[in-house]
Amino acid sequence: MTSFRRNGEAEVDRCVTTIAARMQARVADISASIHQALEEGIPELRADAHTVELLGASVRGNVDTMLHALNHDIPATRIDLPAAADEYTRRLARRGVPLTALVRAYHLGQRRATELVFAELQVAAIAPVDRFLVGRAIATRLFVYLDRVIQQVVAVYEGEREQWLETRNSVRALRVRELLAGEKAIDIDGTSEQIRYPLRWHHLALIVWYPETGAHGNELSQLQRFVRASAEKAGTAAGPLFVADDQLSGWAWLPYRSARPDAVADVRGFATAQRDAPWVAIGTMAPGVPGFRRSHRLARGARSVALARGEAEPAVIAAEDPGLSVAALLGSGIAELREWVGDVLGGLASDTGNDARLRETLQVFLRTGSSYKTAAAELDLHANSVKYRVGRAISRRGRPITEDRLDIELALLICHWYGPSVLLADGA
């Protein structure tokens, strides 16, 4: 039995080398033992047969590298992640297996390897009092090696995960844009699987965005979180689909197995209650691929109205809001709209508080069948006040309202939705 108290570190190193060499001779059995411990201890690693097989190769590569380093006293700084372990790490990153599970696997593997080392020490021809020194030396080196390997694993995982997500998001965005274009036939079920969204269900499209002023660079992440929270609040039957439009805006769809009449109200209520909510444009709920396209198209129309209004504070605007869809159809050219509104309404198109009240009164009066009494009830005014305001509105317009009533109603609708952008700034 060997005792090396007098010979110091050289004897410790010689014994470490002996233990490592003896374990290297049984590397297959040791690797299998660690592999089994990982499979039993970490369920996330049992993804499929091919992944499990690759796990075995990863374990074998790491164990062989570790024992080789111990046997030849190779510094941890010169240890590189084995090829099989590198590929296994990338595979788990692409499959979305949590990084914490992978790091835990390395710690669990180290624990099992340490147990095997001490089992080897028990049968080695070393004085019992000296086994502590050898065991401590091996445990210290294993820890240093583990620390080095985990740093490499984390770097490989995070890099692969980021690249994979970018690729997946790019493919998803491409498929969504192809869906919206509608220029070629699609495999609905195949595309649903590819974009991870149920295209055969009912859809409610959203467009969410932040203004360019005050951008901080993390707007897309904030928009994604908002969409997920909105989907949860609005009771979707599956996760929402989100696609970035640019750095400050995104398109989203909320999925439902059947029509949900109160979904728009749920999204609106949630958005208006949030302190830092983005601007939100909401389409209408519709089924299947045609509904997927139509809801998005209506949300885009609602957004065009919101942008034209130029409001400084976040707004929630929905295609189902009365008159909005018509206003969106008419809003292709703001300059032309402003000119037409001015021609129809005359001085009543002025951007003043008084003319705004007159326009509101005239709009309600015409919508209620030119009934002063009904309009008064809706506006909470006396009928004589409504009659006075209607008279003032006609006077501001400069001509009667009997011959081109449809034009007047459309012009008032446009003023209601587009606000100052279609009004005469200097009055009339």
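Tabulated data for the structure shown
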{"read-out": "Estimated FRET transfer efficiency (ASN218, ARG22; beta-carbon r; R0 41 Å; 0.05)", "value": "0.15"}
{"read-out": "Given (i) 27.5; (ii) 21.4; (iii) 22.1, the label whose value is Kirkwood radius over Cα pairs in Å derived from this model", "value": "(i)"}
{"read-out": "Distance between modelled label sites at THR402 and VAL154, nm, 7 Å Cα→Cβ extension", "value": "8.3"}
{"read-out": "Total charge dipole magnitude, the chain, about the Cα centre, Cβ charges on Lys, Arg, Asp, Glu only, Debye to nearest 20", "value": "620"}
{"read-out": "For the chain, built as a Gaussian network whose Cα springs stay under 10 Å, the top-fluctuating residue of VAL176, VAL386, VAL316", "value": "VAL386"}
{"read-out": "DSSP bridge orientation in the chain - percent antiparallel, rounded to nearest 5", "value": "80"}
{"read-out": "Lys/Arg +1, Asp/Glu -1 at C-beta; segment 62-105 dipole; positive extreme among LEU81, LEU99, ALA69", "value": "LEU99"}
{"read-out": "Among VAL305, SER230, SER325 - extreme Cα towards positive end, dipole of segment 217-347, charges at beta-carbon", "value": "SER230"}
{"read-out": "GNM result for the chain, Cα springs below 10 Å: residue of ALA263, ALA139, ALA93 fluctuating most strongly", "value": "ALA139"}
{"read-out": "Long-range amide H partners of SER350 with built H, under 5 Å", "value": "LEU424"}
{"read-out": "Contour minus Cα-Cα distance for GLU183 and ALA101 (0.36 nm per residue)", "value": "25.2 nm"}
{"read-out": "Helix-only [θ]222 nm of the chain, DSSP H runs n ≥ 4, -39500 (n - 2.57) each, per residue, nearest 500", "value": "-21500 deg cm²/dmol"}
{"read-out": "Fluctuation leader among GLY61, GLY190, GLY353 - the chain, Gaussian network, Cα springs under 10 angstrom", "value": "GLY353"}
{"read-out": "Segment 59-109: trypsin sites (Lys or Arg not before Pro) in DSSP loop, at most 11 other beta carbons within 10 Å", "value": "none"}
{"read-out": "Linear extension gain, ARG275 paired with ALA119, 0.36 nm per residue minus alpha-carbon span", "value": "50.1 nm"}
{"read-out": "Set of lysines with alpha-carbon distance to LYS373 below 21 Å, sequence-local pairs under 8 removed", "value": "LYS387"}
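No value in this document is a laboratory result; all are computed from the given coordinates. Note that the structure is a prediction, hence the values are computed from the model and not measured. Every residue, glycine among them, receives a Cβ derived from its backbone with ideal geometry; neighbour counts consider all protein chains shown.
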